Amino acid sequence: MADTDVENSEIQAKLLSQALPYMQRYEDCTIVVKYGGHAMGDPELGQAFARDVALLKQSGVNPIVVHGGGPQIAAMLTELGIESKFEGGLRVTDEKTVEIVEMVLAGSINKEIVAMINAEGEWAIGLCGKDGNMVFAEKAHKTVVDPDSNIERILDLGFVGDIVEVDRTLIDLLAKSEMIPVIAPVAPGRDGHTYNINADIFAGAIAGALSATRLLFLTDVPGVFDKDGNLIKQLSIAEARALIADGTISGGMIPKVETCIDAIESGVEGVVILNGKTAHAVLLEIFTKHGAGTLIGR
């Protein structure tokens, strides 16, 4: 064996040894991972993600995957010649669109992720909120303020939903059966309609119902930055709210951090925003001392 090979083997053994305390710390714990964004379109990152999830399961962790699929939905709508309509910057999901959303999210994307995890030697199963009455939703009511008149206006986004109920029975049964649930953010309403749910909000609701130890949001940025552009490693809820108030947290990061806060207040121990474009980001966060993103906790 070459000296380089010996050195590499020693490094790998050292890394595994350092990971042991964290494997013990998270044994039998539930970790919900929201998977989406740029990582979903990269085959190598997808394989690394699937391997991370499989290793979590093999280490005694109970991983649950919730995924998005906005770009894939947009591509399918374009391919089918269905024009996307927007209100206040948000996509309107009419009856025809929600059928495509369900087909893409609960169909092709969901099964692709399941297949990747299964290829790594674990048993994953694809689900959506409809399965086992896991999640119920109702029509979402969004308001925007007209910048000229300062008058609030209610938006009709069609079949975009807010979660009103989560039943953990099916997820608990799957965990006992050593299965890894991979869940698409589509849910039924008591009115008989199907609703498209924001994947971040869906993941937060699932994690809250399960009192998850960690909820990981894989995004396209390393986490939350301070005013000087430095990554903030850890925030309390009060600190996160203060950073929103003073403008440090802005733009699209605001709803993501607010979703983190909602999840913590509903029972999640800690929520991490981390870069899904980094290979093995999940393992770096869970099984290393310094983590890989911004941890928001109580």
Per the list (1) surrounded by 15 or more Cβ atoms within 10 Å (Cβ to Cβ); (2) more than 30 Å from ASP42 (Cβ to Cβ); (3) of a type in the set (A, V, I, L, M, F, W, C), residue check on ILE100 breaks on (2)
Within region 131-158, residues open to solvent by 20 Å² or more (accessible area, probe 1.4 Å), within 20 Å of LEU90 (Cα to Cα) and either at pLDDT 85 or above or not in a strand (DSSP E or B) (or both) come out as GLU138, LYS139, HIS141, ASP146, PRO147, ASP148, ASN150, ILE151, ASP156
Reported set for region 104-157 where residues are touching a Pro at 6+ places or on another chain (Cβ under 7 Å) and of a type in the set (Val, Ile, Thr) is ILE125
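Report yes if VAL53 is closer than 24 Å to ILE201 by Cβ and outside any helix (DSSP H, G or I), otherwise no. I'd like the intermediate steps shown before the answer.
Details: closer than 24 Å to ILE201 by Cβ: yes; outside any helix (DSSP H, G or I): no.
For VAL53, the condition - closer than 24 Å to ILE201 by Cβ and outside any helix (DSSP H, G or I) - is not met.
In region 219-235, what count of residues is obtained for those that are of a type in the set (Gly, Ala, Ser) and exposed (fewer than 14 other Cβ atoms within 10 Å of the Cβ)?
Step one: list which residues in region 219-235 are of a type in the set (Gly, Ala, Ser), which gives 223, 229.
Those still in the list that are exposed (fewer than 14 other Cβ atoms within 10 Å of the Cβ) too: 229.
Result for region 219-235: 1.
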If we keep only residues of region 187-218 that are small (Gly, Ala, Ser) and open to solvent by 20 Å² or more (accessible area, probe 1.4 Å), then the residue nearest to LYS139 (Cα to Cα) is GLY192
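Provide a single number: the residues in region 208-247 that are free of Cβ contacts under 8 Å to residues at least 24 places away in the same chain and on the phi < 0 side of the Ramachandran plot. Give the steps one after another, and end with the answer.
Taking region 208-247 first, the residues free of Cβ contacts under 8 Å to residues at least 24 places away in the same chain are 225-230, 238-239, 241-247.
With on the phi < 0 side of the Ramachandran plot added as a condition, the list becomes 225-228, 230, 238-239, 241-246.
Residues flagged as free of Cβ contacts under 8 Å to residues at least 24 places away in the same chain and on the phi < 0 side of the Ramachandran plot within region 208-247 amount to 13.
What number of residues within region 79-108 satisfy the criterion of being in a helix (DSSP H, G or I) and small (Gly, Ala, Ser)? Talk me through it step by step, then tell me what you get.
Initial filter on region 79-108 (in a helix (DSSP H, G or I)): 79, 95-108.
The next check asks that each one be small (Gly, Ala, Ser); those that pass are 106-108.
Going through region 79-108 one residue at a time, the tally reaches 3.
Based on this model, can you work out whether LYS277 counts as among the charged types (D, E, K, R) and exposed (fewer than 15 other Cβ atoms within 10 Å of the Cβ)?
No, not satisfied.
Inspect region 109-130 for any residue being closer than 27 Å to ASP191 by Cβ and open to solvent by 30 Å² or more (accessible area, probe 1.4 Å) and give the result as yes or no. Explain how you work it out, then say what you get.
Looking only at region 109-130, we keep the residues that are closer than 27 Å to ASP191 by Cβ, and these are 109-110, 126-130.
Then drop every residue that is not open to solvent by 30 Å² or more (accessible area, probe 1.4 Å), which leaves 130.
Yes.
This table checks each residue for (1) surrounded by 16 or more Cβ atoms within 10 Å (Cβ to Cβ); (2) part of a loop (DSSP other than H, G, I, E, B).
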position	(1), (2)
GLY247	no, yes
SER250	no, yes
PRO255	no, no
GLU258	yes, no
GLY267	no, yes
VAL271	yes, no
THR288	no, yes
LEU295	yes, no
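Do you know which of the residues in region 56-72 that are part of a helix (DSSP H, G or I) and more than 17 Å from LYS176 (Cβ to Cβ) is least open to solvent (accessible area, probe 1.4 Å)?
Within region 56-72, the subset part of a helix (DSSP H, G or I) is 56-58, 70-72.
From the residues that got through so far, the ones that are more than 17 Å from LYS176 (Cβ to Cβ) too are 70-72.
Details: GLY70: 41, PRO71: 95, GLN72: 59 Å².
Filtering first and then ranking leaves GLY70.
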Item to complete: State whether the residues of region 33-52 include one that is open to solvent by 90 Å² or more (accessible area, probe 1.4 Å), at pLDDT 90 or above and touching an Asp or Glu at 6+ places or on another chain (Cβ under 6 Å).
Response: yes
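The values are calculated or read from the model by the stated rules, or taken from the named source; none is laboratory data. Remember, predicted model here, so these are calculated numbers, not experimental data. Cβ: placed from backbone, ideal geometry, glycine included. Neighbour counts: every protein chain shown. We work out accessible area using only protein heavy atoms, side chains counted, and drop any ligands, DNA or RNA first. Shrake-Rupley method; radii C 1.70, N 1.55, O 1.52, S 1.80 Å.
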